[in-house]
Amino acid sequence: MSARVLDGKSIAASLRARLAREVAALPAPPGLAVVLVGEDPASAVYVRNKGIATREAGMRSIEHRLPAETSQADLLGLIARLNADPETDGILVQLPLPRHVDSQAVLAAIDPAKDVDGFHVVNAGLLATGGPALVPCTPRGCMILLHEAGIALAGAEAVVVGRSNIVGKPVAQLLLAADCTVTIAHSRSRDLPAICRRADIVIAAVGRPEMLRGDWIRPGATVIDVGINRVATAGGGSRLVGDVAYAEVAAVAGAITPVPGGVGPMTIACLLDNTLIAARRRRGWKE
Ligand code: GUN
């Protein structure tokens, strides 16, 4: 068997096109502020891509690039100004922050109504209790991929490998809300392969290149690979791989997301969707 490939790039493109149409019909463009502290090259690429996508959707992108030595007080001051700015609908502080900054304190300072990353404890709590949360972008992207692929969720066994606040825990909440039976496994779980083999749906979000092997997957299962790992190639270059050993797993699974071109493009599309949702809620525009 060879798995159906779930094309995140094209699903994200459709979502972004729909969002652009909806934004064009609004009384004013939503505004997304992205804050980058320091010069981490990967973060700089992410922030640039977010800015491009935001403008393509017809929204305003406000980028704040601060030097690596920015103090926590100055960063909190910027967040306070963005919280108070009526034209800023979404605030995203790119992670990781420099080590002298307390990331939790910074995330906690963002107005939950503008927290388009969905990382604030208020949004995490709302998600866990079935309230109107802003939901983290990558987990939302995973759920849209499952939905678009027509995967039956009610009663399905879902195994999430990874327990981060950004992906593992929130995607487990979303799967639970969709009536899956959910297991959260992680790098310390006993007999991880056996746990994964139970699953109808596997979400791989451990951040370890090609950790999930072909014989961990039940034939026909759906595999969503959240990992983005840069590994060295024999020729001295590098390439991106997921948390899943793609060729092996694709030979067994029923459906699989590629890396790149699977979950990654969905994350940005969901960030734009969250910005639109935040703008509508804050400004009282019809959803
Ligand atoms: N760094 C890597 N992924 C993310 C993300 O989804 N949001 C933020 N704010 N920073 C990140």
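Applying the set (1) without any contact (Cβ under 8 Å) to a residue 40 or more places away in the chain; (2) out of contact with any Pro (no Cβ under 9 Å at 6 or more places or on another chain); (3) away from the ligand (no atom under 13 Å from the Cβ) to residue 26 leaves exactly one unmet item: (1). The residue pairs whose first member lies in the stretch 85-100 and is within 12 Å of residue 31 (Cβ to Cβ) and in contact (Cβ under 8 Å) with a residue 60 or more places away in the chain, whose second member is among the charged types (D, E, K, R) and near the ligand (Cβ under 10 Å from one of its atoms), and whose beta carbons are closer than 7 Å, counting only pairs six or more residues apart or on different chains, are 92/117. The residues of the stretch 225-239 that are open to solvent by 30 Å² or more (accessible area, probe 1.4 Å) and in contact with a Gly (Cβ under 9 Å, 6 or more places away or on another chain) amount to a single one, 228.
Kindly check whether there is at least one residue in the stretch 213-224 that is acidic (Asp, Glu) and crowded, with 16+ Cβ neighbours inside 10 Å. Break it down stepwise before answering.
Applying the first criterion (acidic (Asp, Glu)) to the stretch 213-224 yields 215.
From what is left, the residues that are crowded, with 16+ Cβ neighbours inside 10 Å are none.
Checked against the condition, which is being acidic (Asp, Glu) and crowded, with 16+ Cβ neighbours inside 10 Å, the stretch 213-224 yields no hits at all.
Residue 190 satisfies every condition listed in (1) without any contact (Cβ under 8 Å) to a residue 12 or more places away in the chain; (2) open to solvent by less than 20 Å² (accessible area, probe 1.4 Å) except (2). Assessment of the stretch 65-87 against the conditions (open to solvent by less than 70 Å² (accessible area, probe 1.4 Å), on the phi > 0 side of the Ramachandran plot and either polar (S, T, N, Q) or more than 14 Å from the ligand (Cβ to nearest atom) (or both)) yields no matching residue. In the stretch 229-242, the residues that are free of Cβ contacts under 8 Å to residues at least 12 places away in the same chain form Cβ pairs under 7 Å with partners that are not in a strand (DSSP E or B), at six or more places apart or across chains, as follows: 239/233. Among the residues of the stretch 150-171, just one is free of Cβ contacts under 8 Å to residues at least 24 places away in the same chain and surrounded by 15 or more Cβ atoms within 10 Å (Cβ to Cβ), namely 163.
No other residue among 130, 125 is without any contact (Cβ under 8 Å) to a residue 12 or more places away in the chain, more than 23 Å from residue 264 (Cβ to Cβ) and more than 15 Å from the ligand (Cβ to nearest atom) apart from 125.
For residue 199, state whether it is free of Cβ contacts under 8 Å to residues at least 60 places away in the same chain, in a helix (DSSP H, G or I) and either crowded, with 17+ Cβ neighbours inside 10 Å or away from the ligand (no atom under 15 Å from the Cβ) (or both). Write out each step before concluding.
On the way: free of Cβ contacts under 8 Å to residues at least 60 places away in the same chain: yes; in a helix (DSSP H, G or I): no; either crowded, with 17+ Cβ neighbours inside 10 Å or away from the ligand (no atom under 15 Å from the Cβ) (or both): yes.
Criteria not met by residue 199.
So which residues in the stretch 44-57 are out of contact with any strand residue (DSSP E or B) (no Cβ under 6 Å at 6 or more places or on another chain) and either crowded, with 19+ Cβ neighbours inside 10 Å or touching a residue at least 12 places away in the same chain (Cβ under 8 Å) (or both), if there are any at all? Answer for the stretch 44-57, where residues must be out of contact with any strand residue (DSSP E or B) (no Cβ under 6 Å at 6 or more places or on another chain) and either crowded, with 19+ Cβ neighbours inside 10 Å or touching a residue at least 12 places away in the same chain (Cβ under 8 Å) (or both): 46, 49, 53, 56, 57.
Can you name the number of the only condition in (1) surrounded by 14 or more Cβ atoms within 10 Å (Cβ to Cβ); (2) within 15 Å of the ligand (Cβ to nearest atom) that residue 60 fails? Among (1) surrounded by 14 or more Cβ atoms within 10 Å (Cβ to Cβ); (2) within 15 Å of the ligand (Cβ to nearest atom), residue 60 violates only (2).
Number of residues in the stretch 113-149 that are surrounded by fewer than 19 Cβ atoms within 10 Å (Cβ to Cβ) and assigned to a loop (DSSP other than H, G, I, E, B) equals 5.
With respect to residue 219, determine if the residue is part of a loop (DSSP other than H, G, I, E, B), under 23 Å from the mean Cα position of the chain (by Cα), away from the ligand (no atom under 16 Å from the Cβ) and touching a residue at least 24 places away in the same chain (Cβ under 8 Å). For residue 219, the condition - part of a loop (DSSP other than H, G, I, E, B), under 23 Å from the mean Cα position of the chain (by Cα), away from the ligand (no atom under 16 Å from the Cβ) and touching a residue at least 24 places away in the same chain (Cβ under 8 Å) - is not met. Taking the condition of being more than 16 Å from the ligand (Cβ to nearest atom), open to solvent by 10 Å² or more (accessible area, probe 1.4 Å) and either at pLDDT below 95 or within 29 Å of residue 215 (Cβ to Cβ) (or both), how many residues in the stretch 251-287 meet it? Summing the residues that are more than 16 Å from the ligand (Cβ to nearest atom), open to solvent by 10 Å² or more (accessible area, probe 1.4 Å) and either at pLDDT below 95 or within 29 Å of residue 215 (Cβ to Cβ) (or both) in the stretch 251-287 gives 7.
Taking residue 16 as the residue in question, decide whether it is away from the ligand (no atom under 14 Å from the Cβ), touching a residue at least 12 places away in the same chain (Cβ under 8 Å) and not in a helix (DSSP H, G or I).
On the way: away from the ligand (no atom under 14 Å from the Cβ): yes; touching a residue at least 12 places away in the same chain (Cβ under 8 Å): yes; not in a helix (DSSP H, G or I): no.
Considered against the rule, which asks whether it is away from the ligand (no atom under 14 Å from the Cβ), touching a residue at least 12 places away in the same chain (Cβ under 8 Å) and not in a helix (DSSP H, G or I), residue 16 comes out as no.
The values are calculated or read from the model by the stated rules, or taken from the named source; none is laboratory data. Because the structure is predicted, anything quoted here is derived from the model rather than measured. Don't worry about glycine lacking a Cβ; one is built from the backbone with ideal geometry, like all the others, and counts go over all protein chains shown. Side chains included, ligands, DNA and RNA excluded: accessible areas come from the protein's heavy atoms. Shrake-Rupley method; radii C 1.70, N 1.55, O 1.52, S 1.80 Å.
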